[in-house]
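Working notes, structure below.
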Amino acid sequence: MDQPLAGVKVVDLTRILSGPFCSMLLGDLGADVIKIEAPEGDHVRGQGAIVEGMSWYFASFNRNKRSITLDLRSEEGKAILHRLVEGADVLVENFRPGVLDKLGLGEAARERLNPRLVVASVNGYGSTGPYAERPAFDFIAQAMSGFMAANGTPETGPLRCAPPITDLVAGLYAAFGVLAALRVRDRDGRGQAVESSMMMGMVSMLAYLSAAQLATGASPPPTGNDHPVASPYGLFQASDGGVAVAPSTAPILHRFMKTIGLEHLLDEPRFATNADRVAHRRALNALIDEAMRHETQDVWIARLNAAGVPCGRVQTLAEVVEDPQVAAQEMVLDVPHPGHGVVRMTGFPVKLSQTPCRINRPAPDLGADTEAVLAQAGFSADEIARFREAGVV
């Protein structure tokens, strides 16, 4: 069967990460994604681990795309872009607000060119408000969203998380919005603008942290590996390392405490209720550590899983990519890239039973599809040759 987005054409003006992640998700679902790059290419082509001339970072977020080069500072480059937009279903961009207008693709122009177009904009803070014009990167959005203040411990101070989480959340939300807008367009015949931002996407993900602040007016303190509203919960020490345990409900808590031989503690006044346990968290954690440090991680993980208690070890990335569950879910893919060998990358976390995501094409070399894309857009071979001679493509 055709993939869900087969026949959907996406013009992709994005670079770095948040926008390319959005367009990659659309490509994974079968969309024809045309990545438009400046003559020097996306900056990420030169970042991260580069093997046989290919950045594996770039390859991981630009699979299922075709690449064309286009000088958008030239009038001819803008005219070519307009031709591509006329035949597109979706336009994705992650410029600062106002850049689309400078490219001749403001709202009124898009209405003339292609009223069915869905336009997805991924930015730092949103297109309105006092921060709309500010530059943004993941680290800044993590800091300004409240996420970093809630991360870490009082001793460490605020901490960022290692992956570029705000880029990824914004890209994911943008793809989600595109799918909704396409559904509306199929129903009503008109496109619309879709917007997601790094800071606001992260604010939306603060879960019980934002709920607590909104309810009480107080900012939750950072609690590290401990849960801010549940105890016990966290990383406990076996004889050979930590075991992550999440006994988040009363039945699971009783099973956990019984398995480690500490069920009697729940009868003590200081540990009787969750509020009591949160108040005496340090003392309870110390008792659990003492009970667990006499057996290995493997022993506790086997016993706790058998008892129905969610638990696991802290794995390195090297261990993750060799994990049998990761293998069973096909979450590490070996993708041949002609001229660059085989690139290993993460797979598809969303599993569709009838129309699954798949690799239709590896990440493209810079400008590899320029002639084919322009020919499909109706440009003649002579016109394309002239564009090349003029440095437009």
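The values are calculated or read from the model by the stated rules, or taken from the named source; none is laboratory data. On a predicted model such as this, the values are computed, not experimentally measured, just so you know. Ideal geometry is used to build each Cβ from the backbone, glycine not excepted, and the neighbour counts take in all protein chains shown. Areas reflect the complete protein model, heavy atoms only, side chains present, ligands, DNA and RNA absent. Shrake-Rupley method; radii C 1.70, N 1.55, O 1.52, S 1.80 Å.
Rounded to the nearest whole Å², what accessible area per residue is found for the chain with the 1.4 Å probe? Each step should come with its number before you reach the end.
On the way: 19540 Å² over 393 residues.
For the chain, the solvent-accessible area averages 50 Å² per residue.
With θ taken as phi - 60° and the coefficients 6.51, -1.76 and 1.60, list the Karplus ³J(HN,Hα) couplings across the range 351-356 in order, rounded to whole Hz; mark glycine and proline as x.
Calculated HN-Hα couplings, in order: 10, 9, 6, 9, 10, x Hz.
Read through the labelled values (1) 30, 28, 19; (2) 48, 24, 18; (3) 38, 24, 21 and report the label of the one computed as semi-axes √(5λ) of the Cα gyration tensor in Å from the structure.
Identified label for the calculated read-out: (2).
Arranged from highest to lowest average of other beta-carbon atoms within 10 Å per residue, in what order do the peptides 93-99, 206-212 appear?
Values: 93-99: 18.3, 206-212: 14.9.
In descending order of packing, they fall as 93-99, 206-212.
In straight Cα distance, which aspartates and glutamates are under 16 Å from residue 351, not counting same-chain residues fewer than 8 positions off?
Straight-distance partners of residue 351: 2, 28, 330.
Amide H neighbours of residue 344 under 5 Å, at least 5 residues apart or on other chains, H built in the peptide plane: list them.
Placed amide hydrogens put 335 under 5 Å from residue 344.
Find the relative contact order for the chain and round it to a whole percent, using C-alpha pairs within less than 8 Å whose residues are 6+ positions apart. Each step should come with its number before you reach the end.
Values: 678 pairs, mean separation 76.7, N = 393.
RCO, the chain: 20 percent.
Can you tell me which lysines have their Cα less than 20 Å from the Cα of residue 102? Leave out same-chain residues fewer than eight positions away.
Partners within reach: 35, 78.
Please list, in chain and number order, the residues 5+ apart from residue 238 or on another chain whose amide H is under 5 Å from its amide H, with Hs placed from the backbone.
Answer set, sorted by chain and number: 243.
Just for the chain, what percent of DSSP beta bridges are antiparallel, to the closest 5?
Antiparallel: roughly 45 percent of the beta bridges in the chain.
Let me know the charge dipole size of the chain about its Cα centre in debye, to the nearest 20, where only the beta-carbon of Lys, Arg (+1) and Asp, Glu (-1) is charged.
Details: 36 positive and 45 negative charges, 137 e Å.
The dipole magnitude comes to about 660 debye.
In percent, how large is the relative contact order of the range 263-341, given Cα pairs closer than 8 Å and 6 or more residues apart?
Working: 24 pairs, mean separation 8.2, N = 79.
This gives 10 percent for the range 263-341.
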